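The values are calculated or read from the model by the stated rules, or taken from the named source; none is laboratory data. None of these values were measured; they are calculated from a predicted model. Positions of Cβ are backbone-derived with ideal geometry, glycine not excepted, and every protein chain shown enters the neighbour counts.
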Amino acid sequence: NAGVTQTPKFQVLKTGQSMTLQCAQDMNHEYMSWYRQDPGMGLRLIHYSVGAGITDQGEVPNGYNVSRSTTEDFPLRLLSAAPSQTSVYFCASSPGGRNTGELFFGEGSRLTVL
Amino acid sequence: QQQVKQSPQSLIVQKGGISIINCAYENTAFDYFPWYQQFPGKGPALLIAIRPDVSEKKEGRFTISFNKSAKQFSLHIMDSQPGDSATYFCAARKNTGFQKLVFGTGTRLLVSP
């Protein structure tokens, strides 16, 4: 089982460029989410989805877009990259319902915006 | 604002010693408190978790102690090993339909041989 797969692992962008971070999960999980990890700030929720066609904003959504057309995929789009978006991005999935709060994370995508 | 405060930021423990990481929260709507372990270059992975109706949970060398009245919880790693060297995040979940976890700022643990 691959679990949660993120691509690319590394990316360098110039200010103003756009790009999409890809996330795919093969566990048939209902919930998916994107976090960013910055030194001294832990992990902060950007956007999340509770099912195909349903997305919502997290704690730090500005500058990012998401969509969820299938259960498996949850891409994160940076519309116009800014240096403040330099970070490590993690995609996570979890089963639906309230029985478990366990998140399954991908290995991360390290983004540098110059 | 930081809803879950974690300390210390970094910790060095000798092999065989006890590692202790503390977290505090304010929001009484939190109903689930997990700890995640992250190795360099990897994503976080669930280590152990507790619900507020229990004061302690132990899994092998890892124990969560939970003090509901003080709104504090801590992770204890007994007989710490070099392989435990990682970053540890505490987290808390609000009792909503989605597992919207709020994470602490992380503790980088180094266990010296």
Inspect the stretch B:18-32 for any residue being at pLDDT 95 or above, assigned to a loop (DSSP other than H, G, I, E, B) and more than 24 Å from residue A:3 (Cβ to Cβ) and give the result as yes or no.
yes
For the stretch B:52-59, check the following and say yes or no: at least one residue is within 22 Å of residue A:44 (Cβ to Cβ) and in contact (Cβ under 8 Å) with a residue 12 or more places away in the chain.
no
From (1) more than 14 Å from chain B (Cβ to nearest Cβ); (2) surrounded by fewer than 17 Cβ atoms within 10 Å (Cβ to Cβ), pick out the condition that doesn't hold for residue A:85.
(2)
Considering the stretch B:72-113 alone, what residues qualify as being within 10 Å of chain A (Cβ to nearest Cβ) and either free of Cβ contacts under 8 Å to residues at least 40 places away in the same chain or not in a strand (DSSP E or B) (or both)?
B:95, B:96, B:97, B:98, B:99, B:100, B:104, B:105, B:106
Is it fair to say residue A:102 is within 13 Å of the chain's Cα centre (by Cα), within 14 Å of chain B (Cβ to nearest Cβ) and not in a strand (DSSP E or B)?
no
Please state which of the following conditions residue B:29 fails to meet, knowing it meets all the rest: (1) surrounded by 14 or more Cβ atoms within 10 Å (Cβ to Cβ); (2) over 23 Å from residue B:79 (Cα atoms).
(1)
So in the stretch B:38-63, with the set limited to residues that are under 15 Å from residue A:102 (Cβ atoms), out of contact with any Ser or Thr (no Cβ under 9 Å at 6 or more places or on another chain) and in a loop (DSSP other than H, G, I, E, B), which one is farthest from the other protein chains (Cβ to nearest Cβ)?
B:51
Show the residue pairs that are 6+ apart or on different chains and have beta-carbon atoms under 6 Å apart, the first residue being within the stretch B:1-20 and away from chain A (no Cβ under 12 Å), the second being of a type in the set (Phe, Trp, Tyr) and surrounded by fewer than 16 Cβ atoms within 10 Å (Cβ to Cβ).
none
Within the stretch B:92-113, considering residues that are modelled with pLDDT of 95 or more and hydrophobic (A, V, I, L, M, F, W, C), the one nearest to the chain's Cα centre (by Cα)
B:109
